[in-house]
1. So if each residue of separation counts as 0.36 nm, and I subtract the Cα-Cα distance between Asn82 and Lys70, what length gain in nm does that give?
2. Check the straight Cα-Cα distances from Lys111 and name the aspartates and glutamates below 15 Å, setting aside those fewer than 8 residues away within the same chain.
Amino acid sequence: MPVYDYECRDCGAEVSDVFQKVTDPELTTCPLCNEEGLFRVVTGGLHSFMAGSNTIGSIADRNTRFNKNKINEMEAKKREANPTPEKPWYHKQGDKSMKDINKMTDKQKAKYIMEGD
Ligand SMILES: [Zn+2]
């Protein structure tokens, strides 16, 4: 007989290790608050796999991941097609290194950023 875990969305109660037949209806009434907030938690393992309650969710998840990879790939190709090397801000106008800038006072830094000198 499969064992099910339930959770209550009203009071957050966790009801675990509920022995039920596959044919038994899901419990809905929370033993703690008596609201109809109980839902079956998929705990993994063979019985939840057989119940198939998560199949559509996992397929959708896989699709999202696949699309994300596809998009990343397309963007990488776009970047390869027209490379626009982004210079760091401190090289935009002047030619001082980060080390030089770190030695500056705040005033000098501001001037350097504004005027590149
Ligand atoms: Zn409850």
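Laboratory data are not the source of any read-out in this text; all were calculated from the coordinates shown. Remember, it's a predicted structure, so these values are computed and weren't measured experimentally.
1. On the way: separation 12, 0.36 × 12 = 4.32 nm, distance 1.88 nm.
Result: 2.4 nm gained on full extension.
2. Here the aspartates and glutamates satisfying the reach criterion relative to Lys111 are Asp95, Asp100.
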